[in-house]
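Visitor: Dumping the structure here so I can ask a few things about it.
Bear in mind that the values in this text are calculations on the coordinates, not laboratory data. Computed from a predicted structure; not experimentally measured. Cβ placement follows ideal geometry from the backbone for every residue including glycine, while neighbour counts extend to all protein chains displayed.
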């Protein structure tokens, strides 16, 4: 009798939480080392506000011990769930076990950990290879069988985004014999190097006349390269097609001006899918997939770039 | 003039050798065309892209001549670029932006100079402080983002041309000439060399070494500010994380390739600038050659080691001796022939 | 004999640092090695410890010839050295310092407890009670000296060389050190003691050896000489009645520079000095007595912290060398290499440097004028150099000194301070520099000459100031300017007060 009442009250409590009334969720963010990271924080807060979630935010300033301390404090506060963007992959076992004992579900954002998958509810992230593949597939479609010599601006040599986005793009164009990567150099993910390396590509490829398209591993390098193309007297977006990855605000300006052709979004909105999964879990105990891949959405000049720019410019990129 | 030529001869020869090496991979090295009111060609790319390192090398040469070193120049570039972008963003206009950026550079130099000259902190430590803290300051100014702006007058400094020549190249040439005249047409150069060789004796000779040291570090800050302005104008945005990153090392390398001793004393700004151009020719050559990115740093390192070994005090005199020896032989072919014949007959008998 | 040298000779380019020196050290004695700067003390020590290789002669250790190639080899033979600047590692523990290089080990690991025990044992008998596990820099210089001695004795055990060990110790610490030295003497070690504090030399030494200009001058039991004889031997002058016979300057006082009560705490006690136009003032005293310190106060290199300086136009600013130069002062320092020449710069640039510094950076001396000045001084001072563009560091000592004189003459100073202007200079240049002093004085310049060469001082000076124990103790004028009176004044503590006027 007593036992049944207790279970009932637990059910009522979970139902109340699932209904979204004053749900409390802790969010341990790595820090704000890049514009994308800052945007992720902003978007997460916006998403929480829209859903009426009480978000407890903690900035770890790139230190794992700060994150572990934040998680313990969330557990002590008895939050309903925890979002964790882990700074490193290892060393999370004990604190995740503590969360599991307290029956607080943990959702990983953007990066993975090496712990037992049973210790967290799910992980939300993007697939770097997939992003590259989307960019490649767009190019195949855009040139429509015409011969195309592509130059590639890689990310920092040896970094996983550089390796994966290169592989993904090569997979995307694998079927098209008309497309060929003729030059590939690192631009270190920066505007300055993107511009400098593009200048040398233009120089080496007959003043740019032999280049049909540019693929840049991130938008910043593409923005630099677009300036180099303009200074060489060519029209970026027409004489040379420009496709890149990330979808930061500045590339939308270039898209709006017709100087870039496409960008693949690495969405800062990891929290949205995470909240969706948590809602479903609280509502009826639905277990989500262990990895939720965010959409790598393609934006072109046709997707209202000016409007996208306005929507993104204040996210903190 | 001939003494200047003799001083920079090793650097000139090295530059020619590096250009020849690049030409192997890219035969049309010297092809320069005039399109859209601008000169286009590899040499033009080199003098444009080499601008930041050339500018930093000018200031660094003077600092190194005083037996110091300025590790902060890369970070100072970031601070000054950020200051300029912030001013443009605030709508202060071109001249205010330039003024604010240059003053920021001078203040950074003053800080370094005070630490070195007044507080007697070793230069490598004193400038390390700003090297580390400077990027943080720059990020505070930009608010952590790439602070972009749209101002054609300011962008002109990075990507414009004057009579077809890229403006950054014009800026470093003028700065080099300006600093060259400043140190050689006045007594500054002599006094700087003097405190670099023997600070104590120079002070006892009545040289105001403290003020001179501060001035030298401020000069380096000024050059870094110009480099920062160019880098910012070039990409129409201030990137606090990446602007001038590691360029202090390239600048020091340029000074060393320029044959200036890290122990202070005699210096040549022209030789340092040639050193900067040698480095940039290598950089551009690597990009043009189309090797995979993984090889970039290895190729650069190998070439730099070869250059420094050839210029080392042990090897250079022998090269000069061989060179002179060959010239002597070619001028007096008969004599050498007869001596050879003599040698031949001697061995026969 | 424990350790001997026979006809030990060592030459450096331009100088004969040791000239057939023979020297004996007995077991169980403290043997003081005396001489002014450049006498050859440190060269002798460096030959004994293997830091220098001798040109000729023998070193005998217990009668056997030895040929140490390094200080390590000398140590292994039995000769240990402790320098003024303790050359141990201040950030290691006392025990680590004591046992460095021969720590007790097991399986390649240092056994700390055994090491500390060994260190305690090494220090027993030295009368100091310290924790060997603490780092060396937590103890006073005196304790560090004793640790250094303990290490040297442990490693070598026969001969101990103490090179100016007391220079940075106070009186109590000196006694502490001397107790250790006496104890080691009783244990049968031969100890070579180098110091310029004559009181300490007399207190601790059994025998003395005096060197001068690389030559062995005398060896005698310490009890058989007095202070006066010792100084005479060191400076190389027989006591004699010799009077300076020069015309006195017209001391009308109008153009005089008056220093009153200038000095610097810890370096030189406040003193008064009036410098008349066209006057040569000599300054005599032993090494470390405060001569150079006086000069540095007068030139603003180590500015005075008391008193006033005035001339006929009012107060004179001597805050720093720059100010002093602006006031018409000039200073040729004792250590030419570190304080004088700018070695890499050319003869021409060195000559014009002081004048250029005074004109300021924005008013360069025209190239043609520089060349004319350089050629002029090269001819006038007979500077031996192939041309004015040769780096001054490549010239000989005498010519470097002439370049420095030229540098100051170019500024046309009214008061020129020369600190040991003739040290390490060959005889020809020596005479030329003295003649030069007479020339410029005749033109009205005032000069202060600091010198250990008393003949020289007597020959050029109108009056002589004697410095002892960082005080100006007496001033000799007129008939009193003789080597005899100077030596008496320098040696005063052993004499009746009549010498100090």
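Visitor: Rounded to the nearest 0.05, what FRET efficiency do residue C:380 and residue C:100 give with R0 = 51 Å and r taken as the Cβ-Cβ distance? Could you check?
Guide: Values: r = 57 Å, r/R0 = 1.11.
The formula returns an efficiency of 0.35 here.
Visitor: Ok, one more. For residue C:134 and residue C:306 in the same chain, what is the full-extension length gain: residue separation times 0.36 nm, less their Cα-Cα distance, in nm? Before the final figure, lay out the partial values.
Guide: Values: separation 172, 0.36 × 172 = 61.92 nm, distance 4.17 nm.
So the extension gain works out to 57.7 nm.
Visitor: Once both axes come from the Cα atoms, what is the angle between helix A:271-284 and the longest principal axis of chain A, in degrees from 0 to 90, rounded to 10?
Guide: Computed tilt is about 30 degrees.
Visitor: Which residues does the label zone of residue A:310 cover in the range A:224-267, counting backbone N under 18 Å from a point 7 Å along Cα→Cβ?
Guide: Residues passing the 18 Å test: A:249-258.
Visitor: Compute the Rg to Rh ratio over the range A:134-189 from the alpha carbon atoms, using the Kirkwood formula for Rh, and round to two decimal places.
Guide: Rg divided by Rh gives 0.99.
Visitor: Compute the helix-to-body angle for A:191-204: its Cα long axis versus the longest principal axis of chain A, expressed 0 to 90° and rounded to tens.
Guide: Helix A:191-204 sits at roughly 30 degrees to that axis.
Visitor: Where does helix B:123-142 land angle-wise versus the long Cα axis of chain B, in degrees 0 to 90, nearest 10?
Guide: Value to nearest ten degrees: 40.
Visitor: Using packing as a proxy for protection, rank B:240-246, C:133-139 so that the peptide with the highest average count of other Cβ atoms within 10 Å comes first.
Guide: B:240-246, C:133-139
Visitor: Quick one: compute the contact order of chain C, relative version, from alpha carbon pairs under 8 angstrom and 6+ residues apart, as a percent. Intermediate results must be reported in sequence, preceding the final value.
Guide: Numbers: 992 pairs, mean separation 75.4, N = 501.
15 percent.
Visitor: Quick one: plug the Kirkwood hydrodynamic radius of the range B:106-169 (C-alpha pairs) into Stokes-Einstein at 37 °C, 0.692 mPa s, and report D in µm²/s.
Guide: Roughly 224 µm²/s, to the nearest whole number.
Visitor: Can you compute the helix-only [θ] at 222 nm over chain C? Use -39500 (n - 2.57) per DSSP H run of at least 4 residues, normalise by all residues, nearest 500 deg cm²/dmol. Don't skip to the answer; put the middle values down first.
Guide: Numbers: 16 runs with 166 residues, N = 501.
Mean residue ellipticity at 222 nm (helix-derived): -10000 deg cm²/dmol.
Visitor: Also: How many nm is it between the label spots at residue A:302 and residue A:65, if each spot is 7 Å from the Cα in line with the beta carbon?
Guide: So the label points at residue A:302 and residue A:65 sit 5.5 nm apart.
Visitor: Most mobile of B:233, B:224, B:320 per a Gaussian network model of chain B (Cα springs, under 10 Å)?
Guide: Of B:233, B:224, B:320, the most mobile in the Gaussian network model is B:320.
Visitor: Further question on the same structure: Quick one: what do you get for chain C if you divide its Cα Rg by 2.2 N^0.38 Å? Don't jump to the answer; show the numbers that get you there.
Guide: Details: Rg = 25.4 Å, N = 501, 2.2 N^0.38 = 23.4 Å.
Here the answer is 1.09, to two decimals.
Visitor: Pop the C-beta distance of residue C:372 and residue B:162 into the FRET formula with R0 = 51 Å and round what comes out to the nearest 0.05. Each step should come with its number before you reach the end.
Guide: Values: r = 43 Å, r/R0 = 0.85.
So the FRET efficiency works out to roughly 0.75.
Visitor: Taking a spot 7 Å from the Cα of residue C:1 along the direction of its beta carbon, which residues of the range C:186-219 have an amide N less than 13 Å from it?
Guide: Only C:219 fall inside the zone, counting backbone N under 13 Å.
Visitor: Of the residues B:139, B:31, B:311, which exhibits the maximal mean-square fluctuation in a Gaussian network model of chain B defined by a 10 Å Cα contact cut-off?
Guide: B:31
Visitor: Okay, next question. Residues of C:346-358, mean number of Cβ from any other protein chain within 10 Å of their own Cβ, rounded to a whole number?
Guide: Details: counts 0, 0, 0, 3, 3, 0, 2, 9, 5, 2, 8, 12, 3.
Mean partner shielding for this stretch: 4.
Visitor: Top mean-square fluctuation among B:232, B:203, B:127, Gaussian network model of chain B, C-alpha springs under 10 Å?
Guide: Of the options given, B:203 has the highest mean-square fluctuation.
Visitor: What ranking of C:319, B:38 emerges when the number of other C-beta atoms within 10 Å of each C-beta is taken as an exposure proxy, fewest first? Numbers along the way, then the final one.
Guide: Working: C:319 10, B:38 19.
Ordered by Cβ neighbours within 10 Å, fewest first: C:319, B:38.
Visitor: For the protein assembly as shown, take N as its residue count and report Rg(C-alpha) divided by 2.2 N^0.38 Å.
Guide: Numbers: Rg = 39.7 Å, N = 1167, 2.2 N^0.38 = 32.2 Å.
Relative to the rule-of-thumb radius for its length, the protein assembly as shown sits at 1.23.
Visitor: Here's a follow-up. Could you give the nm distance between label points at residue C:199 and residue A:57, where each point is 7 Å from its Cα heading toward the beta carbon?
Guide: Calculated label separation equals 7.5 nm.
Visitor: Oh, and also: Rounded to two decimals, what ratio of Rg to Rh does chain A give with C-alpha atoms and a Kirkwood Rh? Intermediate results must be reported in sequence, preceding the final value.
Guide: Details: Rg = 22.5 Å, Rh = 21.1 Å.
Ratio of gyration radius to Kirkwood radius: 1.07.
Visitor: How do the peptides B:206-216, C:98-108, C:149-159 rank, highest first, by the average count of neighbouring beta carbon atoms within 10 Å per residue?
Guide: Working: B:206-216: 22.1, C:98-108: 12.6, C:149-159: 19.8.
Peptide ranking by packing, descending: B:206-216, C:149-159, C:98-108.
Visitor: Sorted from fewest to most neighbouring beta carbons within 10 Å, what does the list A:177, C:199, C:484 look like?
Guide: Working: A:177 9, C:199 13, C:484 19.
Fewest to most other Cβ atoms nearby, the residues stand as A:177, C:199, C:484.
Visitor: Right, here's the next one. Taking N as the number of residues in chain B, what value does Rg over Cα atoms divided by 2.2 N^0.38 Å take? Spell out each step's value before the answer.
Guide: Working: Rg = 22.9 Å, N = 349, 2.2 N^0.38 = 20.4 Å.
So the Cα radius of gyration is 1.12 times the expected 2.2 N^0.38 Å.
Visitor: Do you know the relative contact order of the range C:257-499, to the nearest whole percent, from alpha carbon pairs under 8 angstrom that are 6+ apart?
Guide: Numbers: 454 pairs, mean separation 66.7, N = 243.
Answer for the range C:257-499 is 27 percent.
Visitor: A further question follows. Run the paramagnetic zone check for residue C:431: 7 angstrom along Cα to Cβ, then residues of the range C:383-412 with backbone nitrogen under 17 Å.
Guide: C:383-384, C:398-399
Visitor: Want the number for residue C:170 to residue C:258: 0.36 nm per residue separation, take away the alpha-carbon distance, what's left?
Guide: Details: separation 88, 0.36 × 88 = 31.68 nm, distance 3.44 nm.
This chain segment gains 28.2 nm when fully extended.
Visitor: Tell me what chain B gives for mean residue ellipticity at 222 nm when only DSSP H runs of n ≥ 4 count, each as -39,500 (n - 2.57), the sum divided by the residue total, rounded to 500 deg cm²/dmol. Before the final figure, lay out the partial values.
Guide: Values: 16 runs with 253 residues, N = 349.
Value at 222 nm, helices only, nearest 500: -24000 deg cm²/dmol.
Visitor: Here is a follow-up. Quick one: plug the Kirkwood hydrodynamic radius of the range C:257-499 (C-alpha pairs) into Stokes-Einstein at 4 °C, 1.567 mPa s, and report D in µm²/s. Please list the in-between numbers first.
Guide: Values: Rh = 18.4 Å.
Calculated translational D: 70 µm²/s.
Visitor: Using only the Cα atoms of the range A:59-203, what semi-axes does the equivalent ellipsoid have when each is the square root of 5 times a gyration tensor eigenvalue? Give whole Å, largest first.
Guide: Values: eigenvalues 355, 64, 22 Å².
Value: 42, 18, 10 Å, ordered largest first.
Visitor: Continuing with this model, one more query. Would you please give the FRET efficiency between residue B:314 and residue B:31, computed as 1/(1 + (r/R0)^6) with r the Cβ-Cβ distance and R0 = 51 Å, to the nearest 0.05? Walk me through the intermediate numbers first.
Guide: On the way: r = 39 Å, r/R0 = 0.76.
E between residue B:314 and residue B:31, to the nearest 0.05, is 0.85.
Visitor: Which distance in nm do the two modelled labels at residue B:304 and residue B:118 give, with both placed 7 Å along the Cα-to-Cβ direction?
Guide: Placing both labels 7 Å along Cα→Cβ, they lie 3.4 nm apart.
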